[in-house]
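> Provided herewith is a single structure, encoded as structure tokens, for subsequent inquiry.
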Amino acid sequence: MKYTQGLYPIISKKSIAAEIYDMTIRCPHIAGAAVCGQFVNIKADGFMLRRPISICGIDKEKGTLRIVFEVRGKGTKALSQLSEGQLIDIVAPLGGRGFTLLEKDKKAVIIGGGIGNPPMLPIAEHYGKNAVVISGFRNASAVILQKDFAASGAEVILCTDDGSAGRKGFVTDALAEVLQREKPDIIYACGPSVMLKRIILQAKEAGVKCEVSLEERMGCGVGGCLVCACRTIRDGEEYYAHVCKDGPVFDAEEVLFDD
């Protein structure tokens with residue numbers, strides 16, 4: 001895993017929902033090396049541990065990365081207070097394994113839950129009209145990136161727990177309906193573990209390849225601290241992989257969830 005640490009300028013920053021921020025960072029070397037599904041580890045002033053944030057967009061020609069993150073504590077609150085023109089300290093691109101992108105004419109179902117939606121945008125942009133994007137949120141105030149997903153050309157299905165935007169229900173309900181009408185070549189998902197667990201079962205029952213991006217607390221982000229261990233299985237044997245180094249993307253059949 002090759003990565004770079006440095007200070008890079010924020011060229012745009014805006015709030016896109018309650019406590020959710022969208023930043024674009026100019027970092028040509030990192031953007032040139034990044035792949036879909038990787039993440040950055042950002043240092044917030046006054047905090048020892050960096051904050052891992054998924055990559056929402058990669059523009060290799062412009063040399064930029066886009067990140068979308070939610071304020072979940074004092075560290076991300078400090079990051080949200082940075083402004084355009086300021087420098088941000090990042091280590092990237094991180095993640096030994098990103099998403100596997102098939103040929104653009106293949107059929108894909110792309111599923112994001114809450115803040116698990118941002119890393120799914122580059123996948124939608126890859127498949128375009130051959131993708132179905134299912135996004136799930138708590139309520140209308142938490143909805144993000146729907147115009148971006150629609151701009152990719154994908155079919156977009158919005159779900160909210162309370163029905164205040166889109167359709168009422170869970171992403172797994174929408175996935176069941178999609179799988180009834182067609183069999184895609186691959187399913188991608190990122191979000192809460194309870195959501196991923198159900199999606200993996202649905203994909204297995206439908207006989208569809210599935211990849212999931214796991215979210216775990218991290219320290220170093222490069223495999224040194226061993227904080228982000230997750231249970232996986234390979235060749236019939238259970239072992240602990242590390243989300244930062246061995247993932248964050250895993251084949252669905254490799255992932256084990258604690259009951």
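> Residue-wise, which Karplus ³J(HN,Hα) couplings in Hz belong to segment 190-207, taking 6.51 cos²θ - 1.76 cosθ + 1.60, θ = phi - 60°, and x for glycine or proline?
8, x, x, 4, 5, 5, 4, 4, 6, 5, 4, 5, 5, 5, 5, 5, 8, x
> Quick one: which residues, 5 or more positions from A44 or on another chain, have an amide H under 5 Å from its amide H? H modelled 1.01 Å from N in the peptide plane, none for Pro or chain starts.
Residues meeting the amide H criterion: R51.
> Take the alpha carbon atoms of segment 1-53, find their center, do the same for segment 245-259, and report the distance between the two centers in whole angstrom.
24
> In the structure shown, do any of K2/K77; K13/K197; K106/K147; K2/K209; K14/K62 have a Cα-Cα gap over 26 Å, and if so which?
Numbers: K2/K77 28 Å; K13/K197 34 Å; K106/K147 23 Å; K2/K209 28 Å; K14/K62 19 Å.
Beyond 26 Å: K2/K77; K13/K197; K2/K209.
> Per residue of segment 115-130, in order, report the coupling 6.51 cos²θ - 1.76 cosθ + 1.60 (Karplus, θ = phi - 60°) as ³J(HN,Hα) in whole Hz, putting x for Gly and Pro.
6, x, 6, x, x, 8, 4, x, 5, 4, 5, 5, 8, x, 5, 8
> Putting +1 on Lys and Arg Cβ atoms and -1 on Asp and Glu Cβ atoms, find which of F170, C56, C244 reaches farthest to the positive end of the dipole of the chain.
C56
> Taking the DSSP beta bridges in segment 108-254 as the whole, what percent of them are antiparallel, to the nearest 5? Write down the numbers at each step before the final one.
Numbers: 9 of 33 bridges.
Roughly 25 percent of the DSSP beta bridges within segment 108-254 come out antiparallel.
> Rank these for me by crowding, Y188, Y240, Y127, Y21, going from fewest to most other beta carbons within 10 Å. Could you put the intermediate results ahead of the total?
On the way: Y188 30, Y240 12, Y127 27, Y21 19.
Result, fewest neighbours first: Y240, Y21, Y127, Y188.
> Using θ = phi - 60° and the Karplus relation 6.51 cos²θ - 1.76 cosθ + 1.60, list the HN-Hα couplings for segment 47-52 in order, rounded to whole Hz, with x at every Gly or Pro.
10, 6, 7, 7, 10, x
> Can you check how the C-alpha radius of gyration of the chain compares to 2.2 N^0.38 Å, as a plain ratio?
Details: Rg = 17.5 Å, N = 259, 2.2 N^0.38 = 18.2 Å.
Against the empirical 2.2 N^0.38 Å value, I get 0.96 for the chain.
> Quick check for me: using +1 on Lys/Arg Cβ and -1 on Asp/Glu Cβ, what's the dipole size of segment 108-254 about its Cα centre, in debye to the nearest 20? All intermediate terms of the calculation are to be shown ahead of the outcome.
Values: 15 positive and 20 negative charges, 73 e Å.
Rounded to the nearest 20 debye, it is 360 debye.
> Over the chain, what is the mean sequence separation of C-alpha contacts under 8 Å (at least six apart), divided by residue count, expressed as relative contact order in percent?
Numbers: 603 pairs, mean separation 44.3, N = 259.
With pairs under 8 Å counted, the relative contact order is 17 percent.
> Please find the FRET efficiency linking D162 to I16, where r is the Cβ-Cβ separation and R0 is fixed at 22 Å, and quote it to the nearest 0.05.
On the way: r = 20 Å, r/R0 = 0.91.
Calculated value: 0.65.
> Given charges of +1 on the Cβ of Lys and Arg and -1 on the Cβ of Asp and Glu, with all other atoms neutral, how large is the dipole of the chain about its Cα centre, in debye to the nearest 20?
Working: 32 positive and 32 negative charges, 138 e Å.
Once rounded to the nearest 20, the dipole reads 660 debye.
> Which one of C228, F39, L196 is farthest out on the positive end of the charge dipole of the chain, using unit charges on Cβ (Lys, Arg +1; Asp, Glu -1) and the Cα centre as origin?
My answer, from the dipole projection, is F39.
> Next question, about the same structure. Looking only at the chain, where both bridge partners belong to it, what percent of the DSSP beta bridges are antiparallel (to the nearest 5)? Mind dumping the intermediate values first?
On the way: 41 of 66 bridges.
DSSP beta bridges in the chain are roughly 60 percent antiparallel.
We did not get these values from a lab; they are worked out from the coordinates using the rules stated. The structure presented is a predicted model; accordingly, all values stated were derived computationally and were not measured. Neighbour counts run over all protein chains shown; Cβ positions are idealised from the backbone, glycine included.
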